[in-house]
1. I'd like to know which of Ala52, Leu291, Gly62 lies farthest towards the positive end of the charge dipole of the chain, counting +1 on Cβ of Lys and Arg and -1 on Cβ of Asp and Glu.
2. Given a 1.4 Å probe and every protein chain left where it sits, what share in percent of the accessible area of the chain is carbon and sulfur?
3. Where in the range 102-134 does the label zone of Asp18 land, with the point 7 angstrom along Cα→C-beta and an amide N cut-off under 16 Å?
4. Counting Lys and Arg as +1 and Asp and Glu as -1, each charge on the Cβ, what is the dipole of the range 151-234 about the Cα centre in debye, to the nearest 20?
5. Would you kindly find the accessible area of Phe119, with a 1.4 Å probe and non-protein molecules such as ligands, DNA and RNA excluded, rounding to the nearest 10 Å²?
6. Just the Kirkwood number for the range 1-93, please: inverse of mean 1/r across all distinct Cα pairs, in Å, one decimal.
7. Dipole size in debye (nearest 20) for the chain around its Cα centre, Lys and Arg Cβ +1, Asp and Glu Cβ -1?
8. Summing +1 for each Lys or Arg and -1 for each Asp or Glu, what net charge is found among the other residues whose Cβ lies under 13 Å from the Cβ of Asn223?
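The values are calculated or read from the model by the stated rules, or taken from the named source; none is laboratory data. Every value quoted in this text rests on a predicted model; they were computed, and no experiment measured them. Counting neighbours? That spans all protein chains shown, and the Cβs are built from the backbone with ideal geometry, glycine included. Ligands, DNA and RNA are stripped out before the accessible areas are found, and what is left, the full protein with its side chains, is counted by its heavy atoms. Shrake-Rupley method; radii C 1.70, N 1.55, O 1.52, S 1.80 Å.
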Amino acid sequence: MRVVRVHAFGGPEVLTLDTVEAPQCLPGALTIRVGAAGVNPVDTYIRQGAYARLPELPYIPGWDGAGIVEEVGEGVGRFTPGDRVYFSGTNAGRSTGAYAEIAICRELQVHLLPESLSFAQGAAIGVPYATAHRALFHRGNAREGEMVLIHGASGAVGMAALQLARAEGLTVIGTAGTEAGLSLLQAQGVTHAVLHGTEDSARTIWDRTGGRGVDLVIEMLANVNLDTDLTLLANGGRVVVVGSRGRVEIDPRQTMMKESAILGMALWNATEEECSEIHQTIAPMLREGELWPVVGPEFPLAEAAHAHERVMASGAHGKVVLRMD
Ligand code: NAP
């Protein structure tokens, strides 16, 4: 089968298209003929060798994908060959990933894909929706009626957070870096869409809260925004740091005055059982169209290096995916 592998950590050029033996199905596992694989920013950090947990070399990157069950191992009860599924995490999460024509996954990592969703949309569910769910509800304790600022709502996690927050009855201020991004947020039903990265961004967000502040911030770029986020909170507000790409100076006094909190979150701290529970929770919402994964740029498997460059650039507006065809 064709796979993309990394033989040495480095830039996007280390992603090579190789031909390898297809994985043998194992007890408790499934093999899946992959239709599309999701490209997450974390795939690039790992490829670069700049991540806390690194796989043994060579490895096949990718956590998320969707396709058709090919074989089920002994003890697998929820699936049969031919089922349309999406998955998040692949067997052992080490050397065998989603950038492959066939992936091997443990049963808990696999979920039924509604007929209404394409494989590309299925590849956009795993990490983004589980991260958004954990950030909003597990760490951020988001409650119906609250106002949330999703700072970076036009990306994969942000769009998932916007849809989940709306479904829970929150008022959502979402930010994007381009006019096209703002239009996308409006089409997704955001309450207020605001351009990030301008001199007026913070003032505009504050005005949209009616001068009260937001109850919760879901932050995709904390190294740029955290200090300002603290000024945008209402009393007792929380900031959940989902993404950060460097250091930042903050004024801790801001947290005292409003008794606010800064909370970190990392999906890797969630157990496989916790992730599986999140996917069970969102399953009816995916079936009923309440959640609708938005796909951005698509690349063939052989162009994984371009996909890695794309996912680190701004303005993608939806999930970057690799197609197996
Ligand atoms: P993505 O699809 O590339 O989205 C990135 C988002 O950041 C876009 O909405 C982008 O908006 C926005 N952005 C750019 N400049 C910004 C600014 N100045 N202020 C606010 N937002 C800005 O990536 P993703 O998959 O959604 O992931 C988002 C971040 O979360 C990444 O850093 C990723 O590594 C991290 N992450 C963390 C976890 C975890 O467990 N903690 C899990 C998944 C992802 P425009 O493109 O419109 O400018």
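1. Ala52
2. Answer for the chain is 49 percent, counting heavy atoms of protein chains only.
3. 102-104
4. 220 debye
5. 60 Å²
6. Evaluated over the range 1-93, this radius sits at 14.3 Å.
7. The dipole of the chain has a size of about 380 debye.
8. Net of charged neighbours comes to -2.
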